[in-house]
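Asks: Sharing a structure below in structure tokens format, with a few things to ask.
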Amino acid sequence: MRSISSSVHAFLIIVALLESTDTTSVELPGSSDLESKARSLLDDLSKQSSEKCTESVFASWAYYTNITDENKEKMLELNLEFSKWEKGAWKQVMEWKDRWPQLKNDTLKREFKLLSILGTSALDEADLEKFNHINVDMTSIYSKAKICDFKDKTKCDLKLEPEIKKLLTKSRNVDELNYVWTEWRDQTGKKMRELYKQFVKLSNKAAKLNGFDNMGDMWIMPYESDTFRQDVDDLWTQLKPLYRQIHAYVRRKLREVYSKDVISKRGPIPANLMGNMWAQSWSEVSDLMVPYPKKSFPDIDAELKAQGYTTLQMFELSDEYFKSLNLTEMPEPFWKHSMIERPDDRDVVCHASAWDFCNGVDFRIKQCTSLTMKDLITVHHEMGHIQYYLQYKHLPAVFRAGANPGFHEAVGDTLALSVSTPKHLHKIGLLKELHKDKEVDINYLMKMALDKIVFLPFSVLMDRWRWDVFSGKNHEDNWNCAWWKLRYELQGIKPPHQARTENDFDPGAKYHIPANVPYVRYFISFVLQFQFHKALCGLADQYDPQDPSKPLHQCDIYQSTTAGNAFADLLKLGSSKHWSVALKALTGEDKIDASAIKEYFKPLEEWLIEDNTKHGEFIGWEKDGDYCIGEKTDDDPSPSGGQSLLFSSWYILVLIFTLCFQSLVR
């Protein structure tokens, strides 16, 4: 879930990582006396942290499902207490810094290695409290943000979910879309820019205390790769040609709707026309992009409503899918305590997230669910996080995390690739007729690409911007313009109606910025999930590259226990092994590779090249104006400090291995 502030997010994760009542050790045959003492120390620390973790997570849950000052203070109190404990625990670990490298057992050495970095708890108490307060304040600004109605300015209670999201999807009024897009940024990012400046300074201070040049460097350590940034660039280079073809096609279709006065033939696309507040996914306007309208994909949203589905049934449907693969069903506390609908009587953080309460029993999801196909996929995504928690709960606490942050995000989405197929939707009764021909296939692949491929450049630029902020490459007086430079260069997206300025802070309009959630994990997960999918489809005998009747994009692994058992074997490893080991165990490959996702969308890419050529579309985009003016005045809002959660000590575990508590929806 990425639903908590950085601190919170970190805390929760670390919590999930480090503490859990189930502290059963991994068997260490032939342990020496030194190894026995090491094991005893680590078990003892895990047991102590378990109690504090559970208390803190309950307090965090109380706040995020009921935003009140009382709940916030209780959460901050318990997290600060936990932070102090972590410092003491870290000191005990560091007493072994000269001894743990001598250990013969690789498992023990890996545990010490992961625990040897103290995250933001390395800050002195005053700085840590300030850091926490700022973090919670920024997330509070975001979560409580409301805007006025475009037609009735006296009605000022429109929330992101569900009112604003619904409006962005349905409205075709350019003036209304301009207004909503701008107002959301005024009520979120613009109000937190000054807070973010302080936050960056404190983050970097903590990183330096941990031996890193800046927080960006600390963030990428969990990937255990000296070439990680270059690896990301190389993967994106492989996928960029397909994105550019989609961009050209979408630009033409939107121009047909809004005219050349709104969208030029060779320029970037205005950010407010994509049906999504951040233009990170374009599937919300897929009805405008259908290649073959006479064979358009049925409206699953309408079918869910027509069949009288409830939000609870959507979760039960997902649980049944997991069970059909011989994976673990959701435990009783999940059904009893999860928040799966937005309550009417209080403010909550609606951002979907999965929570591990560190006791091996209590796992929950927090989601303001709507009866839509998109939310059905989100349900599978979040339940994928829960499934990962359930599979590795037997490990020592430090290993209760994804093999790398991208693994955790990929689990539920891997299964959703099967769930979203026409074959599966027909099988479960949400699609009444199943047609098989090339045109139907292209329609389906276009809808998928408007989510999966379109998201890729956004998932890269979010952290590329922050890496440059943390390193100082992007000075604070140029933050917003640097943001729009990346959005233009990577996405071919521009502001909707006028140039932005440094009085704005548009990155803060996206939850993961104020919540301080690292984002490149989603890019990694989007590539990984297709590698996972390809391997599982082969095991389920639903895919054969030599058989045209079994293409990768039509595969549904539903009810394949062979595929499910192999997937479970990967999940049970947690982070106890380097991610390449886990990847190879399932796929036979030890590198993250884009060939599977390219194969999946190959029929669509070939079709797009032909169609764009036929219409004489320009592939790429050219600048057609100023998108940001680097000027700053003194009338910026400067909200007072706020409060946040602690950024768990051992924060690195947090980042290192995916969120255990909040697997945030992207």
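The values are calculated or read from the model by the stated rules, or taken from the named source; none is laboratory data. Since the structure is predicted, the reported quantities are computational estimates derived from the model, not experimental observations. Cβ placement follows ideal geometry from the backbone for every residue including glycine, while neighbour counts extend to all protein chains displayed.
Asks: Looking at segment 530-625, what helices (runs of 4 or more DSSP H) fall wholly within it and have at least 1 residues that are touching a Phe, Trp or Tyr at 6+ places or on another chain (Cβ under 9 Å) and closer than 30 Å to R266 by Cβ?
Replies: Qualifying helices (runs of 4 or more DSSP H): 595-600, 602-614.
Asks: Given the options M446, M462, name the one that is more than 23 Å from V180 (Cβ to Cβ) and not in a loop (DSSP other than H, G, I, E, B). Steps first, answer last, please.
Replies: Numbers: M462 fails: more than 23 Å from V180 (Cβ to Cβ).
Criteria check complete, one pass: M446.
Asks: Sticking with this structure for a sec: Limited to segment 355-370, what total is found for residues that are modelled with pLDDT of 95 or more and among the aliphatic types (A, V, I, L, M)?
Replies: 1
Asks: Also: Among the residues of segment 593-619, write down those that are closer than 12 Å to V250 by Cα, touching a helix residue (DSSP H, G or I) at 6+ places or on another chain (Cβ under 6 Å) and not polar (S, T, N, Q).
Replies: Hits for segment 593-619 are L608, E617, I619.
Asks: Which numbered condition trips up Q498, out of (1) closer than 26 Å to L239 by Cβ; (2) polar (S, T, N, Q); (3) surrounded by fewer than 21 Cβ atoms within 10 Å (Cβ to Cβ)?
Replies: (1)
Asks: May I ask you to verify whether K452 is more than 22 Å from R521 (Cβ to Cβ) and not β-branched (V, I, T)? Please lay out each step first, then the result.
Replies: On the way: more than 22 Å from R521 (Cβ to Cβ): no; not β-branched (V, I, T): yes.
Here the answer is no, as K452 does not meet what is asked.
Asks: Moving to a separate point now. For segment 476-514, enumerate the residues that are charged (D, E, K, R), under 22 Å from the mean Cα position of the chain (by Cα) and within 13 Å of D186 (Cα to Cα).
Replies: D506, K510
Asks: Let me ask something else. What is the one condition in (1) touching a residue at least 12 places away in the same chain (Cβ under 8 Å); (2) surrounded by fewer than 21 Cβ atoms within 10 Å (Cβ to Cβ); (3) part of a helix (DSSP H, G or I) that L434 does not satisfy?
Replies: Failed condition: (3).
Asks: Check G412, G429, G472 and return the single one that is closer than 24 Å to G308 by Cα and of a type in the set (G, A, S).
Replies: It is G429.
Asks: Which of the residues spanning segment 456-501 are of a type in the set (K, R) and over 20 Å from A206 (Cβ atoms)?
Replies: R464, K485, R487, K494, R500 - these are the residues of segment 456-501 that are of a type in the set (K, R) and over 20 Å from A206 (Cβ atoms).
Asks: For segment 352-365, give me the residue count where each residue is part of a strand (DSSP E or B) and among the aliphatic types (A, V, I, L, M).
Replies: Of the residues in that region, 2 qualify.
Asks: Quick check on segment 502-520. Is at least one of its residues farther than 20 Å from D468 by Cα and at pLDDT 95 or above?
Replies: The answer is no; no qualifying residue exists.
Asks: Name the one entry in A403, A410, A352 that is within 14 Å of the chain's Cα centre (by Cα), of a type in the set (A, V, I, L, M, F, W, C) and over 23 Å from S324 (Cα atoms).
Replies: Testing whether each residue is within 14 Å of the chain's Cα centre (by Cα), of a type in the set (A, V, I, L, M, F, W, C) and over 23 Å from S324 (Cα atoms) leaves just A352.
Asks: Tell me, please, whether a residue that is of a type in the set (G, A, S), assigned to a helix (DSSP H, G or I) and at pLDDT below 90 can be found in segment 105-118.
Replies: no
Conditions (1) among the aromatic types (F, W, Y); (2) crowded, with 18+ Cβ neighbours inside 10 Å; (3) assigned to a helix (DSSP H, G or I), marked per residue:
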residue: D127; (1), (2), (3): no, no, yes
residue: N135; (1), (2), (3): no, yes, yes
residue: S140; (1), (2), (3): no, yes, yes
residue: K151; (1), (2), (3): no, no, no
residue: L168; (1), (2), (3): no, yes, yes
residue: R172; (1), (2), (3): no, no, no
